[in-house]
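Inspection log for the structure reproduced underneath, given as structure tokens.
The values are calculated or read from the model by the stated rules, or taken from the named source; none is laboratory data. Keep in mind that this is a model prediction, so the values were computed, not measured. Backbone-built Cβ (ideal geometry, glycine too); neighbour counts: all protein chains shown. Each accessible area value is taken on the protein alone, full model and side chains, heavy atoms only, with ligands, DNA and RNA left out. Shrake-Rupley method; radii C 1.70, N 1.55, O 1.52, S 1.80 Å.
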Amino acid sequence: MSFSRKLSFLLLLVALASFGPGCKKKDQDNPPEQPAAAQAPAIPPQPVPPFDAERAFKDIETQVSHGPRVPNSAAHEKTLAFIQAELAKCSKDVSLQSFTSPGYKPGEVLKLTNVLASFNPSSTQRILILTHYDSRPWADQDPNKANQEKPVPAANDAGSGVAVMLELARQFKNNPPPIGVDLLFDDGEDYGKDKVDSLEKYFLGVKYFVKTKPSNYTPRFAILLDMVGDKNALFEPEPYSVQSASSVVSEIWGTARSLGLTHFRSSQGPGIEDDHLPLIQAGIPSVDLIDGHLVGATVTDPERKYWHTTDDLPKHLSPATLGEVGKLLLTLIYDRLPRDIPTL
Ligand SMILES: [Zn+2]
């Protein structure tokens, strides 16, 4: 995700302008006319399966052991194969989207691949959960200038999101979810250089996904996972997400509160330019579940100043945080959303 904050408000206006006045903003007090999907009957909830946070943590270590997952590198290829192999154990509906995008050097072509796994494919009540799996090629926020051209190990950004989603897939295999869930592992999120091209070379995988998705693929909403593993993570509602999907934000943070999760707080977090923006622009209400204060290193804790540096390592992360995020998502999918999704 991008550091540049000045562009944020402008982008939000552009995103909102493309929706028309208020037509995507959900308002629980003044619900708009009910769309067809909202009239669907509630689905019976199911028992919530457990989330194996230790196994998820190992998936972070595995990814980091491959090396930085920079596009066109062996580590990138190895991690793509790892994600594919793990998903193949859990779903028959796994598909790859391969595409190319120009790099920064003359003639350079990035070979990129999105991976999509679907669960309960026949359900019309669907949600999309996504994360990126590529690593940033430049640790341009590293305090040591000598490191700034080195790639980011990317344990948290976004090895943590990949790990949570792989563990979700394992639970879905054993306990098919009552609603439809699509897991998108997208590529090329973190390729942009802030000082060169603002957002042109960010979010490449999601931009491709929305450009090529079938017109009848309309998930009710999307939840983006980004940097969800820090020991001292703080997850707050992110402003673009609130604009785009306020009722989903309420559902997520309300569920976190009722579960007594310690890393979630309802105060407003910083605005983040991330993979949810192209989805919002494509008309899919989207929430970025992100430890937003890591971005730009605005935190005071020196242990939490590793965003886009060579210090984005597993030592800063904990299974406990992954466990909270996993428990939250599984509770939503098996217990809350079957009842609530028709009205969100
Ligand atoms: Zn990043």
Six or more apart or on different chains, Cβ atoms under 6 Å: show the pairs whose first residue is in the range 290-302 and small (Gly, Ala, Ser) and whose second is away from the ligand (no atom under 15 Å from the Cβ). Gly292/Gly269
If I filter the range 296-319 for residues that are within 26 Å of Asn175 (Cβ to Cβ), in a loop (DSSP other than H, G, I, E, B), away from the ligand (no atom under 16 Å from the Cβ) and open to solvent by less than 40 Å² (accessible area, probe 1.4 Å), do I get at least one hit? yes
Residues (touching a helix residue (DSSP H, G or I) at 6+ places or on another chain (Cβ under 9 Å) and not in a helix (DSSP H, G or I)) located in the range 74-92: Lys89, Cys90, Ser91
Restricting the range 175-196 to residues that are assigned to a loop (DSSP other than H, G, I, E, B) and more than 16 Å from the ligand (Cβ to nearest atom), which is most open to solvent (accessible area, probe 1.4 Å)? Pro176
Given the criterion within 25 Å of Arg126 (Cα to Cα) and in contact (Cβ under 8 Å) with a residue 24 or more places away in the chain, identify the matching residue among Asp230, Asp182, Asp190. Asp182
Residues of the range 202-218 being within 20 Å of Ile127 (Cβ to Cβ) and crowded, with 22+ Cβ neighbours inside 10 Å, in sequence order, are Phe203, Gly205, Val206, Phe209
If you check Leu199, Leu225, which single one turns out to be in contact with a strand residue (DSSP E or B) (Cβ under 9 Å, 6 or more places away or on another chain), in contact (Cβ under 8 Å) with a residue 40 or more places away in the chain and open to solvent by 10 Å² or more (accessible area, probe 1.4 Å)? Leu199
Residues in the range 237-264 that are in contact with a strand residue (DSSP E or B) (Cβ under 7 Å, 6 or more places away or on another chain) and not in a helix (DSSP H, G or I) total 3
For Asp134, the lone unmet condition from (1) within 16 Å of the ligand (Cβ to nearest atom); (2) open to solvent by 20 Å² or more (accessible area, probe 1.4 Å); (3) of a type in the set (Asp, Glu) is (2)
Return the residues of the range 45-83 that are closer than 17 Å to Pro153 by Cβ, of a type in the set (Gly, Ala, Ser) and surrounded by 18 or more Cβ atoms within 10 Å (Cβ to Cβ); say none if nothing qualifies. Ala75
State whether one or more residues within the range 276-284 are of a type in the set (Gly, Ala, Ser) and either free of Cβ contacts under 8 Å to residues at least 60 places away in the same chain or within 16 Å of the ligand (Cβ to nearest atom) (or both). no
Just wondering, is there one or more residues in the range 88-103 that are within 16 Å of the ligand (Cβ to nearest atom) and aliphatic (A, V, I, L, M)? no
Answer with yes or no whether Thr262 is within 25 Å of Ile179 (Cβ to Cβ) and away from the ligand (no atom under 16 Å from the Cβ). no
